[in-house]
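Trainee: Dropping a structure here in structure tokens format, bear with me for questions.
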Amino acid sequence: MTRTVLLALDTSTEFCSAALLLADSVSAPPSSAPQYESGPIRVWFRHEATGAVSSARVLPMVRELFDTAGLVLADCDAIAFGAGPGSFTGLRTATGVAQGLAFGLNVPVVPVSTLLACAEAARLHDASLPARVLVALDARMDEVYWADYLFDDADDAQGEWRTLHPASLDAPGALPLPDAPFVLAGNAAAAFGDRLPVAAAASVVDHEALPHALPVALVGLRVLRAGHAVAPELAAPEYIRNKVAQTTAERMQAREEATR
């Protein structure tokens, strides 16, 4: 199997995150930089709280990763990015940077759901937990981004994620209870407390399973190997929400409901 070099980006939250994945290579140089290694897969990554200035940090971060790995941008075979849901501005940043780099390198892109990246992060934290993962992220405006996934490794040594319910947007109390033991991934439980009833039924609540370029890279590699990457011009954010802000009346109503 040939070597694969994949760059992954995520700017869907207040963090700017980039990861460089090198697969099927035994000659990668040692490094003290933050990294993940599993068999023939090695990933270097950066994850920084940048607030609204991710667009200014993401490309320098990419250069740092290639320098650390001893690779050059031309080695890249594909670019994965967190497509959403998430911050409108952040999603446009990741999409635009991924498209621009991919056009210049003449390589495909791999849009990855940020919710699926959270499910992958929960699995990375503890692979012995239930294979069912309900992801719930605080979407602000008193709503939750959520999706329901199952990790299936029965027919493939690598395994793959099955989407039981696609990315959606609902009130915290509207999330359906999975019909099997499950992990609740994401920050919605911390954000909404008792107003998120599914949290009480979860086998484990993983508050740290959040959007990050490392799981985006690992999911992106599976998608790339499955032949589902797309041309750069077809890359697009997955917004889920069409409305960017609440009216004053809606914000007041949300605050009143939160204090009841």
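What follows is calculated from the coordinates using simple rules that are stated; it is not laboratory data. In this text, all values refer to a predicted model and were calculated from it rather than measured experimentally. Cβ atoms come from the backbone with ideal geometry, glycine included; neighbour counts cover every protein chain shown.
Trainee: Just how large is the dipole of the chain about the Cα centre, in debye to the nearest 20, putting +1 at every Lys and Arg Cβ and -1 at every Asp and Glu Cβ?
Mentor: Using Cβ point charges on Lys, Arg, Asp and Glu, the chain gives about 520 debye.
Trainee: Of Phe192, Pro232, Ala209, which is farthest along the charge dipole of the chain in the positive direction, counting Lys and Arg as +1 and Asp and Glu as -1 at C-beta?
Mentor: Pro232
Trainee: Now for a separate question. Compute the relative contact order of region 115-206 as a whole-number percentage, counting only Cα pairs closer than 8 Å that sit 6 or more residues apart in sequence.
Mentor: Computed over region 115-206, the figure is 29 percent.
Trainee: In a Gaussian network model over the chain where Cα atoms closer than 10 Å are linked, find which of Thr13, Thr114, Thr89 has the largest mean-square fluctuation.
Mentor: Maximum fluctuation in the GNM of the chain, among the listed residues, is at Thr89.
Trainee: Shifting gears a bit: State, as an integer percentage, the relative contact order of the chain based on alpha-carbon contacts under 8 Å between residues 6 or more apart.
Mentor: The value is 22 percent.
Trainee: In a Gaussian network model over the chain where Cα atoms closer than 10 Å are linked, find which of Leu218, Leu59, Leu20 has the largest mean-square fluctuation.
Mentor: Of the options given, Leu59 has the highest mean-square fluctuation.
Trainee: Between rounded, prolate and oblate, where does region 65-186 land on the alpha carbon gyration tensor, with a ≥ b ≥ c its root eigenvalues, rounded for a/c under 1.5, else prolate if a/b exceeds b/c?
Mentor: oblate
Trainee: How far is helix 213-225 tilted off the main Cα axis of the chain, in degrees rounded to 10, range 0 to 90?
Mentor: Between the helix axis and the principal axis of the chain, the angle is about 70 degrees.
Trainee: Go ahead and run the numbers for FRET between Ser38 and Asn106, Cβ-Cβ distance against an R0 of 41 Å, rounding to 0.05.
Mentor: It comes to 0.90.
Trainee: With just the Cα atoms defining each centre, how far is region 211-235 from region 106-161? Give it in Å.
Mentor: If we compute the Cα centre of each part, the gap is 13 Å.
Trainee: Please work out the FRET efficiency for the pair Val72 and Ala127, using the Cβ-Cβ distance as r and a Förster radius of 25 Å; give the result to the nearest 0.05.
Mentor: In this case the efficiency is close to 0.15.
Trainee: What shape does region 115-206 take by its C-alpha gyration tensor, where a ≥ b ≥ c are the square roots of the eigenvalues and a/c under 1.5 counts as rounded, a/b above b/c as prolate, and the rest as oblate?
Mentor: prolate
Trainee: Then there is this: Take His165 and His228, extend 7 Å from each Cα along the Cα→Cβ direction, and tell me the distance between the two endpoints in nm.
Mentor: 2.0 nm
Trainee: Then there is this: Which of Asp138, Asp206, Asp153 moves the most in a Gaussian network model of the chain with Cα springs under 10 Å?
Mentor: Greatest mean-square fluctuation among the candidates belongs to Asp153.
Trainee: Here is a follow-up. Within region 108-132, whose backbone N sits under 16 Å from a point 7 Å along Cα→Cβ of Glu208?
Mentor: 118-129
Trainee: What distance in nm separates the simple spin-label points at Phe88 and Ala200, each placed 7 Å from Cα in the Cβ direction?
Mentor: Here the modelled spin labels are 3.6 nm apart.
Trainee: Report, to the nearest 10°, how far helix 54-69 tilts away from the longest principal axis of the Cα atoms in the chain, using its own Cα long axis and a range of 0 to 90°.
Mentor: 40 degrees
Trainee: Using 0.36 nm per residue, how much length does the chain from Asp153 to Leu177 gain when fully extended, once their Cα-Cα distance is taken away?
Mentor: Fully extending the segment from Asp153 to Leu177 adds 6.3 nm.
Trainee: Using the crude model of +1 on Lys and Arg Cβ and -1 on Asp and Glu Cβ, and no other charge, please compute the dipole size for region 115-206 relative to its Cα centre, in debye to 20.
Mentor: Using Cβ point charges on Lys, Arg, Asp and Glu, region 115-206 gives about 240 debye.
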